[in-house]
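**Q** Just dropping this structure here.
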Amino acid sequence: MNRDKPRAGFIERFAAVLTESGFPRMPARVFAALLATDSGRLTAAELATLLHVSPAAISGAVSYLVQVNLASREAQPGSRREHYRVHSETWYEAIASKDRVLDRCERSLRDGIEVLGRDTPAGARIAETLAFFEFMQTELPAMLDRWRARKAELSFSRTKRPAPPARSRATALQA
């Protein structure tokens, strides 16, 4: 059975869910397309064809996805084309990288409390936000450890994935 039509439907439905959750529309569509591709890796031209959009739309979407750690750019050996990849641990990596963001937010929130005063309504709201971020910083490492253990139990890593493209001996020596 040809999986293209059902796959396209899934891509649009999942992208719509992401968009309703606050994700920009085109990055949501590109992310869903990468996620729904067996290799997890496509060129801009392949994405543009699959999603019926311009390569420029793909470029902007990929820039967003790379910025939020949900995709990466990869050079194709012997080609000028870049491939865009979603990794099998994309959610783990995206959440794990939030430590730096949370640190910056906490510093800024502390500044806000100092400027506005903890005893003002605005200062109290900011203090509550800071407390939540501090809680997340404390809980996140243990939660990620529990996910790793759960993932190992579920055996996702044994799911058959396509082999990466073959590399020539000369290319392998350069790497």
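**Q** Which whole-Hz ³J(HN,Hα) couplings does the range 22-31 yield from phi under the Karplus relation 6.51 cos²θ - 1.76 cosθ + 1.60, θ = phi - 60°, glycine and proline marked x?
**A** x, 6, x, 4, 5, x, 4, 5, 5, 4
**Q** Jot down the per residue volume, in cubic angstrom and as a whole number, of the convex hull over the alpha-carbon atoms of the chain.
**A** 181
**Q** Need the C-alpha centroid separation for the range 46-88 versus the range 124-152, integer Å.
**A** Taking the Cα centre of the range 124-152 as reference, the centre of the range 46-88 is 30 Å away.
**Q** So what's the Cα pair-distance distribution over the range 92-154, bin width 5 Å, in %?
**A** 4, 18, 22, 17, 13, 10, 7, 5, 3, 1
**Q** Separate question: Given a Förster distance of 22 Å, report the FRET efficiency between residue 98 and residue 54 from their Cβ-Cβ distance, rounded to the nearest 0.05.
**A** After rounding, the FRET efficiency stands at 0.10.
**Q** Let me ask something else. Residue separation times 0.36 nm, minus the C-alpha to C-alpha distance between residue 87 and residue 43: what's the value?
**A** Taking 0.36 nm per residue and subtracting the Cα distance, the gain is 14.3 nm.
**Q** Using each residue's phi in the range 37-48, evaluate 6.51 cos²θ - 1.76 cosθ + 1.60 at θ = phi - 60° and report the 3J(HN,Hα) Karplus result to the nearest Hz, with x for Gly and Pro.
**A** For the range 37-48, the Karplus curve yields 9, 3, 6, x, 8, 9, 7, 4, 5, 5, 5, 4 Hz.
**Q** Distances over 18 Å make up what percent of all Cα-Cα pairs in the range 1-81?
**A** Result for the distance tail: 38 percent.
**Q** Based on other C-beta atoms within 10 Å, arrange 87, 52 from fewest to most.
**A** Least crowded to most crowded, the residues run 52, 87.
Values quoted throughout were computed directly from the atomic coordinates according to the rules given, and no laboratory measurement underlies them. As the structure is a computational prediction, the values presented were derived from the model and not from experiment. Glycine gets a Cβ as well: all are built from the backbone with ideal geometry, and neighbour counts include every protein chain shown.
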